[in-house]
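Reviewing the structure listed below.
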Amino acid sequence: LFTSAIKSAHINNDPYSAFMRSRIEKAFDASLDLIYPNLYDTNIGDSNYQSKLEYLKAVGEMFPTKKLKAITEGKDDPTVPHSVYYPYSGSVIMRNSFDEKKAMYLAMHSIPFDGHAHSDISNIILYAYGKPLITDTGRYGYSHGKISALLKTAKAHNIVEIENVDPKPHSESEATITHFVTNPRFDFAVSVAKPYKDIDATHKRR
């Protein structure tokens, strides 16, 4: 999406301003955290678990950001934080390195808006040393079949279910990240929500 926008502007002889480009690069870096940690799709929402190394290298010719270089080369840069919190999307990314051989990565999402409409408040995704340990189920297809419907439910995500209690939509669950701390010794985050219909139960994940 980002590369298409830049190419379209150049084709029409209307290149983006430096300010707009910097905003696009920030959005691009955020997508690297949320969608392509350790060079793989994270299976959030509508993605699949496949290597994106060559694709990201090609994109890097247009967006040569420090974060992209650190991820594609597997080298830590003291000016690029490993861990980050995105308040708008209610997402926390915690990692110890960009080197795939020693990297541990954990993502936790308390998305406050409905978005892709999966029941996945406080869902976590975990990678270590280049291997997926806890992943999102992603999608099966854009159909109305049984599998597609199942993959949107709480059963298909790494969250806490209450038997015979339906989940609320994200926008009604008061989902938020209440704490985020990152330093050289540890990362710490807390997700809080009230994601269950008809009962006043709070789910907290730390």
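The values are calculated or read from the model by the stated rules, or taken from the named source; none is laboratory data. Only a predicted model underlies this, so the values are computations on that prediction, with no experimental measurement involved. Neighbour counts run over all protein chains shown; Cβ positions are idealised from the backbone, glycine included. SASA here: full protein model, heavy atoms, side chains in, ligands and nucleic acids out. Shrake-Rupley method; radii C 1.70, N 1.55, O 1.52, S 1.80 Å.
Within the range 96-104, the presence of at least one residue that is of a type in the set (Phe, Trp, Tyr), over 26 Å from residue 9 (Cα atoms) and touching a helix residue (DSSP H, G or I) at 6+ places or on another chain (Cβ under 9 Å) is confirmed.
Please determine whether any residue of the range 33-48 is on the phi > 0 side of the Ramachandran plot, assigned to a loop (DSSP other than H, G, I, E, B) and at pLDDT below 90. Walk me through it before giving the result.
Applying the first criterion (on the phi > 0 side of the Ramachandran plot) to the range 33-48 yields 38-39, 43, 45.
With assigned to a loop (DSSP other than H, G, I, E, B) added as a condition, the list becomes 43, 45.
Add one more test, that the residue is at pLDDT below 90, and what stays is 43, 45.
Looking through the range 33-48, at least one residue is on the phi > 0 side of the Ramachandran plot, assigned to a loop (DSSP other than H, G, I, E, B) and at pLDDT below 90.
For the range 60-100, a residue qualifies if it is in contact (Cβ under 8 Å) with a residue 40 or more places away in the chain, within 14 Å of residue 31 (Cα to Cα) and over 15 Å from the mean Cα position of the chain (by Cα), and the qualifying residues are 63, 65, 68. Taking each residue of the range 168-188 that is within 12 Å of residue 95 (Cα to Cα) and assigned to a strand (DSSP E or B) and looking for partners that are open to solvent by less than 60 Å² (accessible area, probe 1.4 Å) and of a type in the set (Gly, Ala, Ser) with beta-carbon atoms closer than 7 Å, six or more apart or interchain, yields 182/83; 187/83. Scan the range 75-89 residue by residue and report those that are at pLDDT 90 or above and assigned to a loop (DSSP other than H, G, I, E, B). Across the range 75-89, the qualifying residues are 75, 76, 77, 78, 79, 80, 81, 82, 83, 87.
In the range 182-201, the qualifying residues are those that are open to solvent by 60 Å² or more (accessible area, probe 1.4 Å) and under 29 Å from residue 82 (Cβ atoms), and the one that is modelled with the lowest pLDDT is 184.
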